[in-house]
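The values are calculated or read from the model by the stated rules, or taken from the named source; none is laboratory data. These figures come from a predicted structure and were not determined experimentally. Virtual Cβ from ideal backbone geometry, glycine too; neighbours counted across all protein chains shown.
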Amino acid sequence: MKGFNQLNKAFESRVRLGVMSILMVNDWVNYKDMKETLGLTDGNLASHISSLEKLEYIEVRKQFIGKKPLTSYSATKLGKLEFKKHIDALEKLLGR
Amino acid sequence: MDDNKKHLEDLTHIRSMMDRSSRFLSLSGLSGVFAGIYALIGAAIVYFDFQAGSMSYAQYVRSAVGEERPTVRIYYLIGVAILVLLASIVTGFAFTSRKAKKQNLKMWDSSAKLMMSNLMIPLIAGGALGIIFLQSGDFKYVAPITLLFYGMGLYSASKYSFVELRYLGLCEIALGLIGCAYIGYGLLLWSIGFGVLHIVYGAFMYYKYERKID
């Protein structure tokens, strides 16, 4: 069990922080939109996504639109909770 | 200190990613300024068109349907309104795509679609109702109704764009209701709502958010 005031190591990276921020305010976001919003190039995003998925902070959905695969992501309840805690900890550390 | 700086940057990053992914922030203030100018020109054309006839706009809308009234060129009026709308959309599109390019954002993203559907559905409903009124020859509610529906569209669109749009929407709704209550001031209120308020709002937004990036 992590202490209440502790920053979550999973959100240390800017990319993972960005992914979670986007998923906090959107239900499902596909890979392409995610990449464009974060301003990333290909390849960079995938590893961060899979580590968040392993932690069960995000959920992955694979669909086919015609013959094109479309992968979308959504934050899980656990992910939202942990991210909220992380923001609280950041704010507390900054004395807000 | 360094840690503090990183935490602060993290929070700023979180805020910016939340905004960027859920709000359409490429909308340019300059498009508002130009829409306002076109609206004022349109309103002036309509005003002088009535003045050139035997009745002013106010006298005309206050007279009852079926009373002895001069014929009004309905399709000419609809044409002016559509021209104002088209010119505003084209200019708005140009300024907005320019701003998106400068910010390195995609213009037509999911938040843009959400914003447009929230804005356009009330706007189309209001426009259609206006045309129905125009065709029945009953003019008096046309200008206030377009204000009212436009205001409602802006209010709901503000959830997916700048929060400031909400206040613009509320002002348009108020003007629309005043126009429905005090028949005869429709054209004046329309010029204030679509003209003056757009110019004021657009200039305010431009100075607040865009001057830096230009």
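Show the residue pairs meeting these rules: Cβ distance below 9 Å; 6+ apart or different chains; first residue within region B:46-75 and under 14 Å from B:Leu188 (Cα atoms); second residue in a helix (DSSP H, G or I) and β-branched (Val, Ile, Thr).
Here the result reads B:Val46/B:Val80; B:Tyr57/B:Val46; B:Val61/B:Val142, each pair linking region B:46-75 to a residue that is in a helix (DSSP H, G or I) and β-branched (Val, Ile, Thr).
Which condition does A:Gln63 not pass, out of (1) more than 21 Å from B:Asp109 (Cβ to Cβ); (2) surrounded by fewer than 18 Cβ atoms within 10 Å (Cβ to Cβ); (3) more than 14 Å from chain B (Cβ to nearest Cβ), if it passes all the others?
Of (1) more than 21 Å from B:Asp109 (Cβ to Cβ); (2) surrounded by fewer than 18 Cβ atoms within 10 Å (Cβ to Cβ); (3) more than 14 Å from chain B (Cβ to nearest Cβ), only one is false for A:Gln63: (1).
If you check A:Ile49, A:Ile22, A:Ile58, which single one turns out to be at pLDDT 95 or above and aliphatic (A, V, I, L, M)?
After applying the criteria, what remains is A:Ile58.
Restricting attention to region B:101-125, which residues are of a type in the set (Ser, Thr, Tyr) and away from chain A (no Cβ under 11 Å)?
The one that is of a type in the set (Ser, Thr, Tyr) and away from chain A (no Cβ under 11 Å): B:Ser117.
If a residue counts only when it is over 24 Å from B:Arg98 (Cβ atoms) and more than 14 Å from chain A (Cβ to nearest Cβ), which helices (runs of 4 or more DSSP H) contained entirely in region B:1-79 have at least 2 such residues?
B:29-52, B:57-62
Which residue out of B:Lys99, B:Lys113 is in contact (Cβ under 8 Å) with a residue 60 or more places away in the chain, among the charged types (D, E, K, R) and not in a loop (DSSP other than H, G, I, E, B)?
B:Lys99
For region B:186-204, state whether one or more residues are assigned to a helix (DSSP H, G or I), farther than 22 Å from B:Ala81 by Cα and modelled with pLDDT of 95 or more.
yes
Run down B:Leu129, B:Leu188 and say which single residue is more than 12 Å from the chain's Cα centre (by Cα), aliphatic (A, V, I, L, M) and surrounded by fewer than 17 Cβ atoms within 10 Å (Cβ to Cβ). If you could, list the steps in order and put the result at the bottom.
Details: B:Leu188 fails: surrounded by fewer than 17 Cβ atoms within 10 Å (Cβ to Cβ).
None of the others qualify; the one that does is B:Leu129.
Failed condition for A:Tyr73, given (1) at pLDDT below 90; (2) surrounded by 15 or more Cβ atoms within 10 Å (Cβ to Cβ), with all others met?
A:Tyr73 satisfies every listed condition except (1).
Does B:Val90 meet the test of being under 26 Å from the mean Cα position of the chain (by Cα), surrounded by 18 or more Cβ atoms within 10 Å (Cβ to Cβ) and away from every other protein chain (no Cβ under 14 Å)?
It is false that B:Val90 is under 26 Å from the mean Cα position of the chain (by Cα), surrounded by 18 or more Cβ atoms within 10 Å (Cβ to Cβ) and away from every other protein chain (no Cβ under 14 Å).
In this structure, is B:Arg98 away from chain A (no Cβ under 14 Å), closer than 30 Å to B:Asp109 by Cα and surrounded by fewer than 19 Cβ atoms within 10 Å (Cβ to Cβ)?
In short, yes.
For region A:39-60, enumerate the residues that are without any contact (Cβ under 8 Å) to a residue 24 or more places away in the chain and within 14 Å of another protein chain (Cβ to nearest Cβ).
A:Gly39, A:Thr41
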